[in-house]
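None of the figures in this text is laboratory data; all of them are computed from the coordinates on show. What you are looking at is a predicted structure, and each value in this text was computed from that prediction instead of being measured. We place every Cβ from the backbone using ideal geometry, glycine too, and count neighbours over all the protein chains shown.
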């Protein structure tokens, strides 16, 4: 297969894992991150440790500036959702009419931001299911099988979907094509909104949440509020979908959500992208979201205390 140019923006767990799979498959993969990380990672290289795949160590090109990079065939956006706008601006010099940009991020607005800045024809919608942990900045430990669901944002089948599927298959990346990707993005947000927020607020793992059945009514209320916002935006979410999302049990022990990991590492969690965005849309659409509002305010209170203690320390 041709050695296509692949740009991976972000060297977190997602970026290292999927960029590493594409690098191992023989593609020209370049990683991008901030200067202080780049110098260290170019020395240490990147590492994948996995009970699912084989362990893999590699030393790709890692840069902090895109000015010398050629136009890219595929761009994987693997940063926090609140960074999407800034990195999209940085991507402008390396896109071409046939570039496919894929957001492997949490949140609802990433594809819109990328489409507005780069062009709708350069973006394919995607939902990522992946659980991995970053260690020492350079090593991702994969804890469960991953899967990418992707599709055209206009829900029309295209040749480039099939082309991208061939690329991912060549790199042994599990995936499927969806002709309702907007619905898939909302479904993941409904799950993330409830479980990430409650996990962050209570500092509990998914396993602990699932075992505490008394929290299920609150989870259902949060999900139904997001469902109402989706319906108001023209996205049909059924009651059966909510039941299915609540019934999704992790099969791999006590997993920490991304927001909980961020809080434990004293990083900014994606509270605005997973909860705040729903409150903003609900206000515009006239939808009542009292449970989400309460959870959001409690998380903000908790974050203010953590930030205060960090500054005092």
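Per residue of the chain, the DSSP helices (runs of n ≥ 4 H) give a summed -39500 (n - 2.57) that works out to -14000 deg cm²/dmol at 222 nm. Note on residue 57 and residue 218: their simple-model spin labels are 4.5 nm apart, each label 7 Å out from Cα toward Cβ.
Net length available on complete extension from residue 121 to residue 24 is 32.1 nm, with 0.36 nm assigned per residue and the Cα-Cα distance removed. The slack in the chain from residue 283 to residue 159, taken as 0.36 nm per residue of separation less the alpha-carbon distance, amounts to 40.7 nm.
For the chain, relative contact order (Cα pairs under 8 Å, six or more residues apart, normalised by length) works out to 15 percent.
Taking the longest Cα principal axis of the chain as reference, the axis of helix 216-232 is set at about 70 degrees. Taking only the Cα atoms of segment 190-261, the ratio Rg/Rh comes out at 0.98, with Rh defined as the Kirkwood radius.
Per residue, the average separation of C-alpha pairs within less than 8 Å and at least 6 apart gives segment 103-228 a relative contact order of 20 percent.
Label separation (residue 96 vs residue 300): 4.6 nm, computed from points 7 Å beyond Cα along the C-beta direction.
The C-alpha atoms of the chain define a longest principal axis, and helix 290-312 lies at about 60 degrees to it. What is the angle, in °, between the Cα long axis of helix 181-202 and the longest principal axis of the Cα atoms in the chain? Nearest 10 is fine, range 0 to 90. The answer is roughly 60 degrees. Here the contact order of segment 1-159, divided by its residue count and restricted to Cα pairs under 8 Å and six or more residues apart, works out to 24 percent. Here the label points at residue 265 and residue 129, each 7 Å from Cα along the C-beta direction, are separated by 2.3 nm in the simple model. Mind running the shape call on segment 40-149? Use the C-alpha gyration tensor, a ≥ b ≥ c as the square roots of the eigenvalues: rounded below 1.5 for a/c, prolate if a/b tops b/c, oblate otherwise. Oblate, because a/c is 1.5 or more while a/b does not exceed b/c.
Given a Förster radius of 30 Å and the C-beta distance between residue 179 and residue 136 as r, what FRET efficiency does 1/(1 + (r/R0)^6) yield to the nearest 0.05? Taking R0 as 30 Å, the efficiency between residue 179 and residue 136 is 0.15. Of (i) 137; (ii) 120; (iii) 219, which is the value of volume of the Cα convex hull per residue in Å³ derived from the coordinates here? Label of the calculated value: (i). The slack between residue 231 and residue 43, meaning 0.36 nm per residue of separation minus the straight C-alpha distance, is 62.7 nm. If you sort the three axes of the alpha carbon gyration tensor as a ≥ b ≥ c, you get a/c of 1.5 or more for segment 183-312 and a/b no higher than b/c, which makes it oblate.
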